[in-house]
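Notes to accompany the following structure.
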Amino acid sequence: MVGKIFITRTGYDPQVGKHVKDPYLDGTRATLGACRPDIRRKLVLGDHIFVISGKVPGTPQFVMCGFEIAAKITAMDAFRMFPDLRLRQRQDGQLTGNVIVDANGQQHQLDDHRTFARRVNNYVVGSNVLALQTDEEIAAGREETLGVLQAIIGKNGNSPIDVVGRWGCDLTEEQVRELRKWLDEVKREHAWRHGHGAHRGVA
């Protein structure tokens, strides 16, 4: 079991930036269907993917999620299995959904990827999802992400891209476990705080 961590496109942030549609996070489900075909092709069942929010000026980036690869299917399979994840336009004009084929298996008219043919295989369905989604979880993620990445990956830098690189970096099994442990701790501590009205102290 190994993993990969990467930064999503500039400007995409679930709280203060553009709508993040890939990975698509919905409760306990995570899917990665259009972005990073190289990662989706290379990793196998049981490996893990972590995604960092995109750069937004004046806003610290954070590890949005980590999940295990439970299945790799085709985009056409995803079209049939996940109708709610088919590419479409929201009321605010932004796109949502990460299934980029139409009912005929052709490139969806809203999809602008020039490398469409490379992207329709290895649609990733995730399990064991750990995602920072509440305001409190995201705030803690923004505060701690850079230091956590530096400690786990063993590289200094002033921003996540300095630590993981432009295209992301590979993770060992131990690094995967450490990142998942941190995400789980953030979620557990803020769930406890929500239930008890306590304040979390970050060392």
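Among the helices (runs of 4 or more DSSP H) confined to the stretch 1-119, there are none with at least 3 residues that are touching a Ser or Thr at 6+ places or on another chain (Cβ under 7 Å). So, R118, is that one surrounded by fewer than 18 Cβ atoms within 10 Å (Cβ to Cβ) and in contact with a Pro (Cβ under 6 Å, 6 or more places away or on another chain) or not? Answer is yes for this residue.
Pick from the stretch 114-135 the residues that are in contact with a helix residue (DSSP H, G or I) (Cβ under 6 Å, 6 or more places away or on another chain) and at pLDDT below 95: which of them is farthest from R80 (Cα to Cα)? The residue in question is R118. Cβ-Cβ distances below 8 Å connect the following pairs, each with a first residue in the stretch 147-169 that is surrounded by 16 or more Cβ atoms within 10 Å (Cβ to Cβ), a second residue that is in a helix (DSSP H, G or I) and aromatic (F, W, Y), and a separation of six or more residues or different chains: V148/W182; I152/W182. Among residues of the stretch 111-135 that are at positive phi, those with a Cβ under 7 angstrom from a residue that is at pLDDT 95 or above and outside any strand (DSSP E or B), sequence gap 6+ or separate chain, pair up as N122/P37; N122/R40; N122/R41. Taking the condition of being closer than 15 Å to F62 by Cβ and either in contact with a Ser or Thr (Cβ under 7 Å, 6 or more places away or on another chain) or assigned to a loop (DSSP other than H, G, I, E, B) (or both), how many residues in the stretch 158-167 meet it? Number of matching residues: 2. Hey, among the residues in the stretch 90-107 that are without any contact (Cβ under 8 Å) to a residue 40 or more places away in the chain and of a type in the set (A, V, I, L, M), which one's nearest to A75 (Cα to Cα)? The qualifying residue nearest to A75 (Cα to Cα) is V101. Any residue at all in the stretch 35-58 that is of a type outside the set (G, A, S), within 20 Å of A140 (Cα to Cα), more than 11 Å from the chain's Cα centre (by Cα) and surrounded by fewer than 16 Cβ atoms within 10 Å (Cβ to Cβ)? Yes, there is a match, as at least one residue in the stretch 35-58 is of a type outside the set (G, A, S), within 20 Å of A140 (Cα to Cα), more than 11 Å from the chain's Cα centre (by Cα) and surrounded by fewer than 16 Cβ atoms within 10 Å (Cβ to Cβ). Specify the residue that is nearest to G105 (Cα to Cα); the eligible residues are those in the stretch 136-147 that are in contact with a helix residue (DSSP H, G or I) (Cβ under 9 Å, 6 or more places away or on another chain) and among the acidic types (D, E). Among them, the one singled out is E137. Here G66 does not qualify as in contact (Cβ under 8 Å) with a residue 24 or more places away in the chain, surrounded by 21 or more Cβ atoms within 10 Å (Cβ to Cβ), farther than 21 Å from R177 by Cα and touching a strand residue (DSSP E or B) at 6+ places or on another chain (Cβ under 6 Å). Looking at Q133, Q89, just one residue is within 22 Å of G17 (Cα to Cα), over 20 Å from the mean Cα position of the chain (by Cα) and of a type outside the set (D, E), and that residue is Q89.
Please determine, by comparing only the residues of the stretch 13-28 that are surrounded by fewer than 20 Cβ atoms within 10 Å (Cβ to Cβ) and in contact with a strand residue (DSSP E or B) (Cβ under 7 Å, 6 or more places away or on another chain), which one is nearest to K42 (Cα to Cα). Among those that are surrounded by fewer than 20 Cβ atoms within 10 Å (Cβ to Cβ) and in contact with a strand residue (DSSP E or B) (Cβ under 7 Å, 6 or more places away or on another chain), it is T28. The set of residues in the stretch 94-106 being surrounded by fewer than 18 Cβ atoms within 10 Å (Cβ to Cβ) and either over 25 Å from A131 (Cα atoms) or of a type in the set (D, E) (or both) consists of D102, A103, N104, G105, Q106. Only one entry in Q94, Q61, Q89 is closer than 23 Å to E185 by Cβ and among the polar types (S, T, N, Q), namely Q61.
The values are calculated or read from the model by the stated rules, or taken from the named source; none is laboratory data. Predicted model, so just to flag it, every value in this text is computed and none were measured. Here Cβ is always computed from backbone atoms with ideal geometry, including for glycine, and neighbour counts include all displayed protein chains.
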